[in-house]
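Undergrad: One structure is given below, represented as structure tokens, and several questions about it will come after.
The values are calculated or read from the model by the stated rules, or taken from the named source; none is laboratory data. Just so it is clear, the structure is predicted and the values come from calculations on it, not from any experiment. Ideal geometry is used to build each Cβ from the backbone, glycine not excepted, and the neighbour counts take in all protein chains shown.
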Amino acid sequence: MPDSSALISRRRLLQGAGAMWLLSVSQVGLAAVSQVVAVRVWPASSYTRVTLESNQLLKYKQFALSNPERVVVDIEGVNLNSVLKGVGTQIRADDPFIKSARVGQFDPKTVRMVFELKQNVTPHLFALAPVAEFKERLVMDLYPANMSSEQDPLLALLEDYNNGELDKKMPAEQGPKPGKAGRDRPIVIMLDPGHGGEDPGAIGKHKTREKDIVLKIARRLKALIDKEANMKAYMTRNEDVFIPLKVRVAKAQKQRADLFVSIHADAFTSGAARGSSVFALSTKGATSTAAKYLAQTQNASDLIGGISRSGDRYVDHTMFDMVQSLTINDSLKFGKEVLQRLGRVNKLHKNSVDQAGFAVLKAPDIPSILVETAFLSNVEEERKLRTASFQQEVAESILAGIKAYFADGATLARRG
């Protein structure tokens, strides 16, 4: 007869093996189920974005229903959780496109999301690979069904961009309008508050978001410019919305701007970095390590903010002709004037205009600069950036630089 202690040991071993097998099966089962970890809704006048962030790439089907108008998104391999249940609470009353949202477990393997609409829309769904702190994302952009360039040129530009036709549909007549800017016609200035929507930009120690600060500065600058009798300002965005870099440039070209000013408040690898900076485009490599780093972080905005894979985007082999070289020279002169004025309200990070391959500065016929107002990664400068007084001083400094640039009649002789 077998020893009883041996039988007990064998039984325990088998029980342990069974438990391990059950554990491994449950782990495999859990791994096969996607989990939505965040849902974000970004309403804007141009379009509303809904983002689902998950631990795995989501499989989905999308279709429309009428009476009332609805967009339905079925997500496969997902179980309903508290994150998904909270979608309805994220719909704002002032959302131009979504009236309400509800979600339910349609069948054991499918979660159904239903968005009731306020107007006809064109849904645009695409996936984004993990980047920065974001995991897998499923993005749904809801555009107005009838885009009109007369209402807002941005809408038509976004549609062309998503269809990969932005370059093909740019008007034949580009560059500033005829006549000397400031004398024969108003000086047209495109202001570009960096980041927006899903892309917060840099975030300071006290949770200050770059996208919010630069929008406030841009609005202050626009108000100052519009008080000038011979100037007119436009903005690439005037709300918390993500706009692809190339669309920002295209909007400046569409408005036939004389100048392009991109406004930022970035972060650096060291918290000790401080001071204001001005950058211009370089087609021959960055003029400093800092400029190269900042250009890389700014150019990553399209990946962080999220663009459709069908969208057109900048490539390194973009051709630049003689006009581009002349424009860069103008950009350096313009940047120098702004940098000098910024030095009166804040310490300068560098006493000369730096250069790098910033995608947002690539309009071949518009002098363009990128202004780093201060560093959010520096606690003292973060505190300063949050104040209305410093925001106003920065806006006034940029305007003073614009005026000084145009005061040199020879500078724009070729452009008038």
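For every residue, the table says whether it meets (1) over 24 Å from LYS227 (Cβ atoms); (2) in the same structural domain as ILE189 (by TED's automatic domain parsing); (3) at pLDDT below 95.
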| residue | (1), (2), (3) |
| --- | --- |
| PHE320 | yes, yes, yes |
| VAL345 | no, yes, no |
| HIS349 | yes, yes, yes |
| ARG386 | yes, yes, no |
| ALA400 | no, yes, no |
| ALA407 | no, yes, yes |
| THR411 | no, yes, yes |
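Undergrad: List, please: which pairs have Cβ atoms under 8 Å, are six or more places apart or on different chains, and start with a residue in the range 283-304 that is surrounded by fewer than 17 Cβ atoms within 10 Å (Cβ to Cβ) and end with one that is among the acidic types (Asp, Glu) and at pLDDT 90 or above?
TA: SER288/ASP354
Undergrad: Listed residues ARG274, ARG209, ARG220; which is within 17 Å of THR373 (Cα to Cα), modelled with pLDDT of 95 or more and more than 20 Å from the chain's Cα centre (by Cα)?
TA: ARG220
Residue by residue, here is whether (1) over 20 Å from LEU158 (Cα atoms); (2) surrounded by 15 or more Cβ atoms within 10 Å (Cβ to Cβ); (3) free of Cβ contacts under 8 Å to residues at least 24 places away in the same chain; (4) not hydrophobic (A, V, I, L, M, F, W, C) holds:
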| site | (1), (2), (3), (4) |
| --- | --- |
| VAL103 | yes, yes, yes, no |
| LYS109 | yes, no, no, yes |
| VAL114 | yes, yes, no, no |
| LEU117 | yes, yes, no, no |
| ASN120 | no, no, no, yes |
| HIS124 | no, yes, no, yes |
| ALA129 | yes, no, yes, no |
| ALA132 | yes, no, no, no |
| LYS135 | yes, yes, no, yes |
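Undergrad: Which ones in the range 247-295 are within 26 Å of SER308 (Cα to Cα) and β-branched (Val, Ile, Thr)?
TA: Within the range 247-295, VAL247, VAL249, VAL261, ILE263 qualify.
Undergrad: Looking at (1) closer than 30 Å to LEU52 by Cβ; (2) at pLDDT 90 or above, find the lone condition where ARG313 falls short.
TA: So ARG313 meets the others, but not (2).
Residue-by-condition table, conditions (1) at pLDDT 95 or above; (2) in contact with a strand residue (DSSP E or B) (Cβ under 7 Å, 6 or more places away or on another chain); (3) surrounded by 15 or more Cβ atoms within 10 Å (Cβ to Cβ); (4) part of a loop (DSSP other than H, G, I, E, B):
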residue: ASP95; (1), (2), (3), (4): yes, yes, yes, yes
residue: SER100; (1), (2), (3), (4): yes, yes, yes, no
residue: PHE106; (1), (2), (3), (4): yes, yes, yes, no
residue: GLN151; (1), (2), (3), (4): no, no, no, yes
residue: ARG183; (1), (2), (3), (4): no, no, no, yes
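Undergrad: A further question follows. Based on what the data block shows, is VAL33 at pLDDT 95 or above and either assigned by TED's automatic domain parsing to the domain that holds VAL139 or touching a strand residue (DSSP E or B) at 6+ places or on another chain (Cβ under 8 Å) (or both)?
TA: When the stated conditions are applied, VAL33 does not pass them.
Undergrad: Next question, about the same structure. Can you list residue pairs whose Cβ atoms sit under 8 Å apart, with the first residue in the range 199-225 being over 19 Å from VAL241 (Cα atoms) and the second being β-branched (Val, Ile, Thr) and surrounded by fewer than 23 Cβ atoms within 10 Å (Cβ to Cβ)? Count only pairs 6 or more apart in sequence or on different chains.
TA: Pairs found: GLY204/VAL379; LYS205/VAL379; HIS206/VAL379.
Undergrad: Another question about this same structure. Go through the range 204-225 and give me each residue that's basic (Lys, Arg) and assigned to a helix (DSSP H, G or I).
TA: Within the range 204-225, LYS211, LYS216, ARG219, ARG220, LYS222 qualify.
Undergrad: For the range 108-146, give me each residue that is over 21 Å from VAL41 (Cβ atoms) and in a loop (DSSP other than H, G, I, E, B).
TA: Hits for the range 108-146 are PRO108, LYS109, ALA129, ASN146.
Undergrad: Among the numbered criteria (1) free of Cβ contacts under 8 Å to residues at least 12 places away in the same chain; (2) farther than 23 Å from ASP240 by Cα; (3) among the hydrophobic types (A, V, I, L, M, F, W, C), which one does VAL36 miss?
TA: (1)
Undergrad: Separate question: Please count how many residues of the range 350-373 are over 30 Å from PRO178 (Cα atoms) and within 19 Å of the chain's Cα centre (by Cα).
TA: Counting residues in the range 350-373 that are over 30 Å from PRO178 (Cα atoms) and within 19 Å of the chain's Cα centre (by Cα) gives 2.
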